There are 2 protein chains.
Amino acid sequence: MPGSGKEEFIRVAKEKGYSVVRMGDVVREWVKKKELDMDDGSVGGFAHSEREKHHYGIWAERTLKKIQVQKTIIDGLRGDEELEIFRKKLGHDLVVVAVYASPKTRYNRLVARARQDAPGSYTEFKERDRRELRWGLGEVIALADHTIVNEGSLEEFRVKADRLLEDL
Amino acid sequence: MPGSGKEEFIRVAKEKGYSVVRMGDVVREWVKKKELDMDDGSVGGFAHSEREKHHYGIWAERTLKKIQVQKTIIDGLRGDEELEIFRKKLGHDLVVVAVYASPKTRYNRLVARARQDAPGSYTEFKERDRRELRWGLGEVIALADHTIVNEGSLEEFRVKADRLLEDL
């Protein structure tokens, strides 16, 4: 969920030699390949139209082709249907890690971070949460293989992330 | 989710003077009141028929009437729609606590516990998980106000539960 600390987890993983495949980048690559001229908003539209044209899991399948090494983080999973596609191909080599922080903590972080996409209000934040959960991300979180609670300091979280990655 | 440690959390809360309202008991009370003769299976059927007759949140509403004191645990929430009913009435007095354990840990616990409803196989366990998540419990877990990870010993979990209840 936004503001939970997923990007920090990826940073720790990278420091430990993991590579990262971002599903959003896979979409952007296709936009480029098709020589489409698009801003970020229409990239989402293209992703959607490809899902309609082929099937819902098309981006999971295209992402799978990018995974060549063992220690790879897949970023950008939207829900349980996409997860099924990864699971079918990768089996028990796939490990799902959920990073949890309470809505209150996540909201405060997003506001403090003050990025362009920071929520303007708590209502706006809750609406974004709803959208994030639309494709079954809640199920993925509930059934994750590991959950890290990230309610404390950055250093505390980095230690937890490091320890988990060591154990995998 | 089954085997995560919810019952142990309730036990700790009771020791700290909390009372518990179980939504399942509310249903059973109604069965008794209507003088219906039912085994456990048809209690589920009755709960369902009442939802059809009135509306989905009928048991949340009936449960709300049972809550008279501040320190009360509500057990048996099925999903986000029921949560909304509690939230609307209780506002910020309502605190959602998720107890997380990985599917692997939960499965092993349920098998070790060997209760009558223990899963006969991992497939059966996964199917039960699916059913549990049917009404949006994944969303409730993803958006919980607090999450306790229960992957370690019972004693460790009791300490975490106790600390959280102290902080509320």
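Read-outs throughout are calculated quantities, based only on the coordinates presented, and are distinct from any laboratory measurement. Given the structure is predicted, the values throughout are model-derived calculations rather than measurements. Don't worry about glycine lacking a Cβ; one is built from the backbone with ideal geometry, like all the others, and counts go over all protein chains shown.
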Using a Gaussian network model of chain A whose springs link C-alpha atoms within less than 10 Å, name the residue from A:Ala101, A:Ala144, A:Ala112 with the highest mean-square fluctuation. A:Ala112
Shortest-first distances to equivalent copies, position A:Asp162, nm, label 7 Å out along Cβ: 3.0
For B:Glu124 and A:Arg109, FRET efficiency with R0 = 35 Å and r from the beta-carbon atoms, rounded to 0.05? 0.30
Filtering trypsin sites (Lys or Arg not before Pro) in region A:1-107 by DSSP loop and by at most 16 other Cβ atoms within 10 Å leaves A:Lys16, A:Lys34, A:Lys65, A:Lys66, A:Lys71
Output ³J(HN,Hα) for region A:135-146: one whole-Hz value per residue in order, computed from phi by the Karplus curve 6.51 cos²θ - 1.76 cosθ + 1.60 with θ = phi - 60°, and x for Gly and Pro. 9, x, 5, x, 4, 4, 5, 4, 10, 4, 6, 9
Each residue of B:122-131 has, on average, a number of other protein chain C-beta atoms within 10 Å of its C-beta equal to 1
Please go through the residue pairs A:Lys126/B:Lys6; A:Lys32/A:Lys126; A:Lys6/A:Lys88; A:Lys32/A:Lys71 and name each one whose alpha carbons sit more than 31 Å apart in this structure. A:Lys32/A:Lys126
Take every Cα-Cα distance within chain A, group them into 5 Å bins from 0 onward, and report for each bin the whole-number percent of pairs it holds. 1, 7, 15, 19, 20, 18, 12, 5, 1
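Based on the Cβ-Cβ distance from B:Lys14 to A:Glu35, what FRET efficiency comes out when R0 is 56 Å, to the nearest 0.05?
0.30
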Based on DSSP H runs of at least 4 residues, each adding -39500 (n - 2.57), what is the mean residue ellipticity at 222 nm of chain A after dividing by all its residues, to the nearest 500 deg cm²/dmol? -17000 deg cm²/dmol
Report, by chain and number, residues whose modeled amide H sits under 5 Å from the one on B:Val20, excluding near sequence neighbours (fewer than 5 apart, same chain). B:Ile73
What are the label-to-label distances in nm, one decimal and shortest first, from A:Tyr56 to the same spot in the other copies, with labels 7 Å along Cα to Cβ? 1.7
Within straight-line cross-link reach of A:Lys14, aspartates and glutamates at Cα separation under 14 Å, skipping those fewer than 8 residues along the same chain: A:Asp75, A:Asp162, A:Glu166
In chain A, which residue puts its Cβ closest to the axis that turns chain A onto chain B, and how many whole Å away is it? A:Gly138, 1
Assume the label is 7 Å from Cα along Cα to beta carbon: what separations in nm does A:Arg134 have to the matching positions in the other copies? 2.6
Would you mind computing Rg(Cα) / (2.2 N^0.38 Å) for the protein assembly as shown, counting N as its residues? 1.08
Residue-ordered couplings for region A:159-166, obtained by feeding phi - 60° into the Karplus form 6.51 cos²θ - 1.76 cosθ + 1.60 and rounding to whole Hz (Gly and Pro as x), are 5, 4, 5, 4, 4, 4, 5, 5
Calculate the dipole size of chain B relative to its Cα centre from +1 charges on Lys and Arg beta carbons and -1 charges on Asp and Glu beta carbons; express the result in debye to the nearest 20. 180
